[in-house]
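Engineer: Once you've had a glance at the structure underneath, I'll fire off some questions.
The values are calculated or read from the model by the stated rules, or taken from the named source; none is laboratory data. For clarity, every value in this text was computed on a predicted model and none was experimentally measured. For neighbour counting, all protein chains shown are included, and Cβ atoms are generated from backbone atoms with ideal geometry for every residue, glycine included.
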Amino acid sequence: MCTGRHGNQGAVELGSETKEPLLVYQKLLEAAWIFRTRSYYEQEAKQAIAALPLSEFIRKAHRRLEEESARCQRYLDPSSHDKVLHPMITEYIIQHADIIYADFRTMLVKQQQQDCFIIYTLLLRVKDGVLPLQTTFETFITNECRQKLSTLDWTSPKIIGEYVDSLIALYTHYTTICERYFANDPGFVAAFDKAFRAILNDRVKIRQPELLARHCDQLLRRRTRDTAQALEERLVTMIKLFGYLDDKDIFQKCYSRAMAKRLIADASISEELEMTVISQLRKLCGIDFVGKLHRMLTDIELNRDLNASWQAWSGNASDGGGIDMTALVLTTGAWPLLNQSQSQLILPSMLERSLSNYTAFYQEKFTGRKLTWFWHLSKADVRMHHAKRRYELSMTLYQLAVLLCFNRQSQCSLSEIRQQTGLVAGDLTRTAKSLVDCGILRSDTALDTEPSNALLSINEQFESKRTRIKINAPSPVESAQEQTTTAKAIDDDRRLFLQAVIVRVMKSRRELLHLDLVSETIQLATPRFNPDVAMIKRCIEQLIDKQFIERDLTNRDLYRYVA
Amino acid sequence: MRVKVKSWNTVAIWRWEVNDDICGICRNPFDACCPSCRVPGDDCPPMAGQCRHTFHLHCIVKWLSSDNNPEQLCPMDRQPWRK
């Protein structure tokens, strides 16, 4: 006898010696019990749904189910439990499922946590019963988030922060709901993920990959009141949101460019946090995705050591002209192209000595390496005597070059400055304008229209209460041009990536039909971006031209790998 | 007005000083890395033979140790490879 003790043990034991031990019990007792249960609850549920509001009805259903379940355990053989409960579930839940599904949305809107949870547990007893709930939940999140986000004001200067704030708030809110209402049921978590994937790939004013990348940059620069831990949590959430993006490669492009600027300007809040972001990205997208980011960070570290030994070296060497110099030497290829300027700066003569010393030092340390200087990223600290006062200024090298023209003469025309500095049109006017804006120089005409005959002179009235002044760098031209180069760079990268994927697939399969090749390529590319079928087709054509693959002569839909 | 420089800092990029842009074996630029490396830089240097042909160090080492090349020839001129 393998069953436990219960109230009707006798009925079960009656048949214990026969071939089908439970037959007597089932015929005598169980059938009648089930029949009575059904008709009783059919009646009760009908009355209840008519008389009670839904939230009370589901509570009653829940209570009745529990009671009946307990009763079964007390009086019946365990084999009967589901058989008895099933008609009851039918009468109470399945019969009224439409009403329950319809009201579920309202309950979500009104945030009736208890009710949602009860509905969820009730429908869990019905096969596939929770599926419609998951769909409702998904559309509910999607609509709510879209609605919240659409109220944001895109003209606000802080819109990026505000947008991300809202996203994170929504994300945390619905994560808690998933947990509290639906016990983190995988189906509901999946619905939640689907909703957020839809939202993160909506088109908004600024592309969302770029928006997230720019906010990460804002967070990782100094000037923040948050504690390190809060900051880290926020960054980790940002990376989770990043995980929903289709165009992860756009994020990578924007992020790496912002990171390069941040590191070169020495504006990063901490290398530890930089590393946190990188390792989070690596977890999601693999080592290839973060290789260059990692290299940038390593470069910074290497340069710290390099500068230390340079200081020692230059201390021993003969004079550097009394000018301290530090350099940041970066690996080509790891750093995104930092929009090269067109100007061929003529390096101010007093800096030449320190530069050639550094070059000698570098060549001594590394052989077979060639250095290319980025003057547009260089900065200088200078001392300026002016109107019997002394100022300590920090400025860009371009600004220094322009200012040095006024060491010998009190006024210069723009074309003279161009000759002496080597700066060309855009760089020249922007730099001159920044010096005029801070009050050190004066100009006889407005500099916005790039007049080559404009005459600049020293502002004799220049005065400042502070002796340490940081002259603002001319605002860089984050122009439409940079936008298009980014777009093109992303396009090129995608094409190369797709070609590599196609070759890899063909190399392992040798022969493949067009549709299969396309679908496999899409599958392999999706972790990075959502490839466009037209682009895949073009890549296939290019590979045929390059003779990596060929079309079958009889079946034009079949490709063959050419070894 | 008199302006005197106290200190300055500058930025440079370094690239390999080689007489070719791309590796003759993997056809990748020397500024990028060979196919078996992930990031460009010191870990993936170029290497020139006496014949002045230059390859990624990893590429030429792989070529020289492959079974197809028992005589250890430079893949460009088929002359014995010498450092």
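Engineer: Show the residue pairs meeting these rules: Cβ distance below 6 Å; 6+ apart or different chains; first residue within region A:140-160 and polar (S, T, N, Q); second residue modelled with pLDDT of 90 or more.
Structural biologist: A:142/A:195; A:142/A:198
Engineer: Among A:277, A:290, which is closer than 29 Å to residue A:396 by Cβ and either in the same structural domain as residue A:232 (by TED's automatic domain parsing) or out of contact with any Asp or Glu (no Cβ under 9 Å at 6 or more places or on another chain) (or both)?
Structural biologist: After applying the criteria, what remains is A:277.
Engineer: Also, I was wondering about something else. Looking at this structure, is residue A:260 within 30 Å of residue A:396 (Cα to Cα), within 14 Å of chain B (Cβ to nearest Cβ) and touching a helix residue (DSSP H, G or I) at 6+ places or on another chain (Cβ under 9 Å)?
Structural biologist: Yes; evaluated as a whole, the condition is true for this residue.
Engineer: Against the definition (in a helix (DSSP H, G or I), surrounded by fewer than 18 Cβ atoms within 10 Å (Cβ to Cβ) and touching a helix residue (DSSP H, G or I) at 6+ places or on another chain (Cβ under 7 Å)), how does residue A:27 come out, yes or no?
Structural biologist: So residue A:27 does not fit the description; no.
Engineer: Ok, one more. Is it the case that residue A:516 is out of contact with any His (no Cβ under 7 Å at 6 or more places or on another chain), at pLDDT below 90 and part of a helix (DSSP H, G or I)?
Structural biologist: Spelling it out, it is not the case that residue A:516 is out of contact with any His (no Cβ under 7 Å at 6 or more places or on another chain), at pLDDT below 90 and part of a helix (DSSP H, G or I).
Engineer: Continuing with this model, one more query. Just the residues that are at pLDDT 80 or above and either farther than 24 Å from residue A:252 by Cα or exposed (fewer than 11 other Cβ atoms within 10 Å of the Cβ) (or both), please, taken from region A:215-232.
Structural biologist: The answer is A:227, A:229.
Engineer: Do any strands (runs of 3 or more DSSP E) lying entirely in region A:367-444 carry at least 3 residues that are surrounded by 16 or more Cβ atoms within 10 Å (Cβ to Cβ) and either of a type outside the set (Gly, Ala, Ser) or within 11 Å of chain B (Cβ to nearest Cβ) (or both), and which ones are they?
Structural biologist: Because the criterion is at least 3 residues that are surrounded by 16 or more Cβ atoms within 10 Å (Cβ to Cβ) and either of a type outside the set (Gly, Ala, Ser) or within 11 Å of chain B (Cβ to nearest Cβ) (or both), the strands (runs of 3 or more DSSP E) in region A:367-444 that meet it are A:369-386, A:389-396.
Engineer: Taking the conditions exactly as written (surrounded by fewer than 17 Cβ atoms within 10 Å (Cβ to Cβ), among the charged types (D, E, K, R) and touching a strand residue (DSSP E or B) at 6+ places or on another chain (Cβ under 7 Å)), does residue A:305 satisfy them or not?
Structural biologist: no
Engineer: While we're on this one: Pull up region A:546-563, narrow it to residues that are among the hydrophobic types (A, V, I, L, M, F, W, C) and either touching a residue at least 12 places away in the same chain (Cβ under 8 Å) or assigned to a strand (DSSP E or B) (or both), then point me to the one that is surrounded by the fewest Cβ atoms within 10 Å (Cβ to Cβ).
Structural biologist: Taking the candidates together, the pick is A:562.
Engineer: Separate question: Mind counting the residues in region A:328-366 that are within 32 Å of the chain's Cα centre (by Cα) and either facing chain B (nearest Cβ under 7 Å) or farther than 30 Å from residue A:458 by Cβ (or both)?
Structural biologist: 13
Engineer: Does residue A:308 satisfy being outside any helix (DSSP H, G or I), modelled with pLDDT of 90 or more and closer than 20 Å to residue B:42 by Cβ?
Structural biologist: No; evaluated as a whole, the condition is false for this residue.
Engineer: For region A:141-151, check the following and say yes or no: at least one residue is exposed (fewer than 15 other Cβ atoms within 10 Å of the Cβ) and within 16 Å of residue A:206 (Cβ to Cβ).
Structural biologist: yes
Engineer: If you go through region B:5-56, how many residues are surrounded by fewer than 19 Cβ atoms within 10 Å (Cβ to Cβ), more than 13 Å from the chain's Cα centre (by Cα) and under 20 Å from residue A:299 (Cβ atoms)?
Structural biologist: The total comes to 2.
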